[in-house]
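As structure tokens, the structure follows; a few thoughts come after it.
The values are calculated or read from the model by the stated rules, or taken from the named source; none is laboratory data. Worth saying up front: this structure is predicted, and the values here are computed from it rather than measured. Cβ placement follows ideal geometry from the backbone for every residue including glycine, while neighbour counts extend to all protein chains displayed. Just so you know, the surface numbers come from the protein's heavy atoms only, side chains and all, with ligands and any DNA or RNA stripped out. Shrake-Rupley method; radii C 1.70, N 1.55, O 1.52, S 1.80 Å.
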Amino acid sequence: AWVAEHIRGGRVGEVGYEVRLPVGAIAPNKPLANEAITVCFAVSDGEVRIRNDMPHLLATNGRALLRGDEFHMSIDRAQLNGVALSAGAIDMPRLAGDGRRYTARFSASGPLRGIVEVIDAPGNHALSSQGMQPAKFSGLAQADVSISRPLGPGYGDKFDNYDIAYKGVVREAAITGVAMGVDLKAPLIAIEGGEDNLTGKGTVVLGPYRG
């Protein structure tokens with residue numbers, strides 16, 4: 001069901017499948033064994049909906065593998081909110097029952113504001129609620145990002161349920177009004193953090209101060 005609801009548009013090709021369904025393999029409220037059904041297919045220029053309140057993946061090119069109760073999609077390239085993605089993957093070890101979770105990993109390159117908008121989008125807009133609205137961020141970022149969250153009613157609406165990690169660099173970075181109305185600027189800064197923390201290393205200018 002997740003695959004049908006979330007992979008939209010684009011072209012599907014190079015489909016391969018294998019079915020092994022012994023008696024009793026399909027039953028109500030019983031997850032399929034992974035060896036029961038294997039379907040693999042290529043996706044070109046596809047649209048992938050992560051969740052309703054986040055931008056969709058556009059121009060997605062990659063391959064998907066459905067094995068019974070698990071789903072994996074490798075992403076060669078895609079666009080997310082104006083940010084170019086590559087070397088990506090979406091993993092869902094379980095599609096049914098309790099304990100469902102998905103993890104998305106990718107390399108991102110593009111406007112820092114676009115990346116911050118994606119992080120801020122889910123749930124209660126954790127960054128905006130702390131005065132760090134995406135419109136305050138500018139610069140060009142390159143980062144490796146991982147986002148993981150549970151699947152199921154209500155789980156995705158709470159930012160506390162997310163596990164986010166990122167590491168990369170930002171060039172010509174700027175954050176307006178970062179402290180007492182003072183702007184922060186940095187020609188090159190290394191960043192690393194998660195859903196509740198951020199560290200940066202580099203030479204910065206904070207208002208009239210440089211350090």
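Kindly provide the set of residues from segment 56-73 that are within 14 Å of the chain's Cα centre (by Cα) and open to solvent by less than 40 Å² (accessible area, probe 1.4 Å), ordered by number.
Matches in segment 56-73: Leu57, Thr60, Met73.
Restricting attention to segment 39-55, does a residue exist that is open to solvent by 30 Å² or more (accessible area, probe 1.4 Å) and free of Cβ contacts under 8 Å to residues at least 12 places away in the same chain?
Scanning segment 39-55, I find at least one residue that is open to solvent by 30 Å² or more (accessible area, probe 1.4 Å) and free of Cβ contacts under 8 Å to residues at least 12 places away in the same chain, so the answer is yes.
Can you say whether Leu112 is touching a residue at least 12 places away in the same chain (Cβ under 8 Å) and open to solvent by less than 10 Å² (accessible area, probe 1.4 Å), as far as the supplied structure shows? Steps first, please.
On the way: touching a residue at least 12 places away in the same chain (Cβ under 8 Å): yes; open to solvent by less than 10 Å² (accessible area, probe 1.4 Å): no.
Against the criterion (touching a residue at least 12 places away in the same chain (Cβ under 8 Å) and open to solvent by less than 10 Å² (accessible area, probe 1.4 Å)), Leu112 does not qualify.
From the list Asp144, Asp98, which one is among the acidic types (Asp, Glu), out of contact with any helix residue (DSSP H, G or I) (no Cβ under 9 Å at 6 or more places or on another chain) and modelled with pLDDT of 90 or more?
Just one listed residue meets the conditions, Asp144.
State which residue is surrounded by the most Cβ atoms within 10 Å (Cβ to Cβ) when the search covers only segment 122-138 and only residues that are at pLDDT 85 or above and part of a helix (DSSP H, G or I).
Only one residue tops the list, namely Pro134.
Is it fair to say Ile119 is at pLDDT 85 or above and either of a type in the set (Ser, Thr, Tyr) or open to solvent by 20 Å² or more (accessible area, probe 1.4 Å) (or both)? Let's see the steps before the verdict.
Details: at pLDDT 85 or above: no; either of a type in the set (Ser, Thr, Tyr) or open to solvent by 20 Å² or more (accessible area, probe 1.4 Å) (or both): yes.
So Ile119 does not fit the description; no.
Any residue in segment 64-72 that is at pLDDT below 85 and not aromatic (Phe, Trp, Tyr)? Give the derivation first.
We begin by selecting, within segment 64-72, every residue at pLDDT below 85; these are 68-69.
Pick out the ones that are also not aromatic (Phe, Trp, Tyr) and you get 68-69.
Within segment 64-72 (the criterion being at pLDDT below 85 and not aromatic (Phe, Trp, Tyr)), the answer is yes, since at least one residue qualifies.
In segment 4-14, what count of residues is obtained for those that are open to solvent by less than 90 Å² (accessible area, probe 1.4 Å) and assigned to a strand (DSSP E or B)? Walk me through it before giving the result.
In the first step, residues of segment 4-14 are kept if they are open to solvent by less than 90 Å² (accessible area, probe 1.4 Å); the result is 4, 6-7, 9-10, 13.
Checking which are assigned to a strand (DSSP E or B) leaves us with 7, 13.
Matching residues across segment 4-14 total 2.
Enumerate the pairs (first residue in segment 82-94 and over 17 Å from Leu58 (Cβ atoms); second residue anywhere and among the aromatic types (Phe, Trp, Tyr)) with beta-carbon separation below 6 Å, excluding pairs fewer than 6 apart on the same chain, so at least 6 apart or on different chains.
Cβ pairs passing all conditions: Met92/Phe71; Met92/Tyr102.
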